[in-house]
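The values are calculated or read from the model by the stated rules, or taken from the named source; none is laboratory data. All of these numbers come straight from a predicted model, not from anything done at the bench. Virtual Cβ from ideal backbone geometry, glycine too; neighbours counted across all protein chains shown. These accessible areas exclude ligands, DNA and RNA; they are computed on the full protein's heavy atoms, side chains included. Shrake-Rupley method; radii C 1.70, N 1.55, O 1.52, S 1.80 Å.
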Amino acid sequence: MPGLIHYLKSPWLDLLLPLSLMGFIWERSGNPAGMVCLLATWCALKFARWLPSQPVYGVLIGVLSIILSAVIHPVSASAPTDLLLVLLAFAAGLQQSKDHWRVALWIVLATVIVSLPFVEFDRYNSNLDAIPWSVVRDLLPQEAARIQKITINRSGYLYGLFALVGYGLFRAEVRPWMSRLAAVVGMLSFVMALGTASRAAALFPMAVLVLSEMFWRNRLWVARRAQSLTAVVLVLSLMFNVIIYWPTSPLAAGDPADVGRANIAQCFVRQAARSLPELVIGQGYDRVSDHCAERVFLPVPDRTKEIPHAHNVFVQALADQGLVTLMLMVMAFAVILHRLFLGLGGDAAPLCLIGLSCALFILASALVESTLLKTSLQQVISGYLLAVAWVAPAPRGPMRHN
């Protein structure tokens, strides 16, 4: 038994994350059963590491087994399994050392390479319009890329997240050739994010990279002001949502697609606040989504389509699970950001830089997309990377502060 536990604590167990994409070989789906089963196996084995000393992980394995069939066969667009899978993946990443995380992050970055055979092309890539040189535009694929049946926005989210992992490893690696390799794979991932036609996946990684670089170059100053910076990030996030969703906002009255998203968010908030009990505990899954989808349509070329979700993780949680869950989510992000800001002043600073970049990207994406709906891979990767904030103390590994 001790020998088995030793193998389960190996970071190479994380190879199941990129290998879960093999599920696309047998099933053309946005969330194939093979992928879900491999991700669930990874999560269960992660929990099994701590069973001898912490029996509570046995309870988490039980929760995982109970929700597995609901993940594979969802009965609603927004389901209770969505946030549960994020939480379970987060728990799977706790108590990992710096050396463990270093290997784990390289394995997560390798998902970019594994995903390439499964890339398909869909509608026109509107991100190409931002390139001022027609010669360059003509050389690039004109269609939007996505990972098989995963939507372009969710594919862009994953590639944007992997790009920031590549940036962080480029910053952290001691060996020059590994640092350059991380930069190359990270840039490839960013190019793939641009290729998905997702505006958020094109803009947010660049914005987060600039912020992360500023935080890194002033990391001791940042660590001393961790609490204040956390409050600033959360307040700016709230202001950003108010600006893009407020009925009289110029941003909510420009592009027709933005108008549709602003209207759907306003509908969700109105329905969520319909009565005090429903505001506090939520209205269950898809009730608000179905109500608003019948009244708000997103204009797309030559037609209109219903919007089945809030295009905002926090607004979706408010409608489905209520104000209590929303407050817990905000508190969780506050704690994560605070720990990562503080960590920039410690011996795990390179890892905290990677965690901070990913957390800021996840937060920004959550403000404009329902990024944690449906696709198990992005739910698991998101939850796992947020756990970097709880990196366990360990002897100094081969990572550098530059």
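Worth a mention:
- Applying 0.36 nm per residue to the separation of Arg270 and Leu15 and subtracting their alpha-carbon distance, the gain on full extension is 87.4 nm.
- Averaging Cα coordinates gives a centre for the range 355-386 and one for the range 21-93; these two points are 16 Å apart.
- The listed residues His309, His291, once ranked by accessible area (1.4 Å probe) with the largest placed first, stand as His291, His309.
- Karplus (6.51, -1.76, 1.60) ³J(HN,Hα), θ = phi - 60°, over the range 41-55, in Hz, Gly and Pro reported as x: 5, 4, 5, 5, 5, 4, 5, 4, 4, 9, 4, x, 9, 9, x
- Sequence-distant residues sharing a close amide H with Ser198 (under 5 Å, placed H): none
- Remark: the Val324-Ser126 segment gains 67.4 nm on full extension, using 0.36 nm per residue and subtracting the alpha carbon distance.
- Under 5 Å from the amide H of Glu143 lie the amide H atoms of Asn125, each residue being 5 or more positions distant or on a separate chain, with H modelled from the backbone and absent for Pro and chain starts.
- Rounded to the nearest Hz, the phi-derived 3J(HN,Hα) couplings of the range 144-153 under the Karplus curve 6.51 cos²θ - 1.76 cosθ + 1.60 (θ = phi - 60°) are 6, 8, 7, 7, 6, 8, 5, 4, 5, 5, where x marks glycine and proline.
- Across the range 338-343, computed HN-Hα scalar couplings (Karplus, 6.51 cos²θ - 1.76 cosθ + 1.60, θ = phi - 60°) run 4, 5, 6, 4, 4, x Hz from first to last residue, x flagging Gly and Pro.
- Distance between the modelled labels on Gln95 and Arg180, one decimal in nanometres: 4.1 nm (7 Å Cα→Cβ projection).
- Scaling the Cα radius of gyration of the range 16-117 by the globular reference 2.2 N^0.38 Å produces a ratio of 1.13.
- Using a probe of 1.4 Å on the protein chains alone, the accessible area found for Leu323 is around 60 Å².
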